[in-house]
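Worksheet: one structure, shown below.
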Amino acid sequence: MQVVQHFQYLYTLCKRKVDTLFSLIDDILSKNEKVIIYTKFLSEIRFLRESGGLRGRSFVVMSGNSNKINALNRFERSVNIMICTYKVEIPCISVKNCNNIIFFTQTFDYKDKLQIVSSCYGDDGWKLNVHDFWVNTRLEDLIKNNLGRKKNVLKNICSVMSRSEALNL
């Protein structure tokens, strides 16, 4: 398992993908917007910090071992970049002023991505830009196919019953 995770980590950090991430962050920040970046591994956060691509910009980290309240307060008040790991529970996230989500690393768990995106949508209808970063590998193809099947199942269930009916189950 460690070997598989190491290979997955290595292909995640391919040069073109990393360069595209930093370019997208530059574009988002030039519009004075905020961005949340999701990664699978803590080592990816360490890489993003040490690579220099963030150009000394402040960012907060939201992971299982971070001070979540402090990070959230800084993100809401003065920091425009938050880097999160999947499955981290963000307490009372208020992202009304954040309309950019980047899935830098992909996950097999469709529920995680769905929960993240749905927690960022408000009733007032502001635009949420979701950026999925994919690498053309067999593992990424497996993840993409797996997510596609789960998305289709969810779409079929939603067409059979309303959201309120599903929530009452």
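Within the stretch 13-28, how many residues are touching a residue at least 24 places away in the same chain (Cβ under 8 Å) and over 15 Å from residue 131 (Cβ atoms)?
So the count comes out to 2.
Does residue 26 satisfy the condition of being over 17 Å from residue 127 (Cα atoms) and at pLDDT below 90?
Considered against the rule, which asks whether it is over 17 Å from residue 127 (Cα atoms) and at pLDDT below 90, residue 26 comes out as no.
Among the residues of the stretch 73-92, are any within 19 Å of residue 130 (Cα to Cα), modelled with pLDDT under 85, among the β-branched types (Val, Ile, Thr) and within 13 Å of the chain's Cα centre (by Cα)?
Yes, some residue in the stretch 73-92 is within 19 Å of residue 130 (Cα to Cα), modelled with pLDDT under 85, among the β-branched types (Val, Ile, Thr) and within 13 Å of the chain's Cα centre (by Cα).
Check off (1) out of contact with any strand residue (DSSP E or B) (no Cβ under 6 Å at 6 or more places or on another chain); (2) among the basic types (Lys, Arg); (3) touching a residue at least 12 places away in the same chain (Cβ under 8 Å) for residue 46 and give me the number that stays unchecked.
(3)
I'd like to check something: does the stretch 29-39 contain any residue that is modelled with pLDDT of 80 or more, assigned to a helix (DSSP H, G or I), among the β-branched types (Val, Ile, Thr) and closer than 18 Å to residue 128 by Cβ?
Scanning the stretch 29-39 turns up no residue that is modelled with pLDDT of 80 or more, assigned to a helix (DSSP H, G or I), among the β-branched types (Val, Ile, Thr) and closer than 18 Å to residue 128 by Cβ.
The values are calculated or read from the model by the stated rules, or taken from the named source; none is laboratory data. Since the model is a prediction, treat every value here as computed from it, not as a measurement. Using ideal geometry, Cβ is built from the backbone for each residue, glycine included, and neighbour counts are taken over all protein chains shown.
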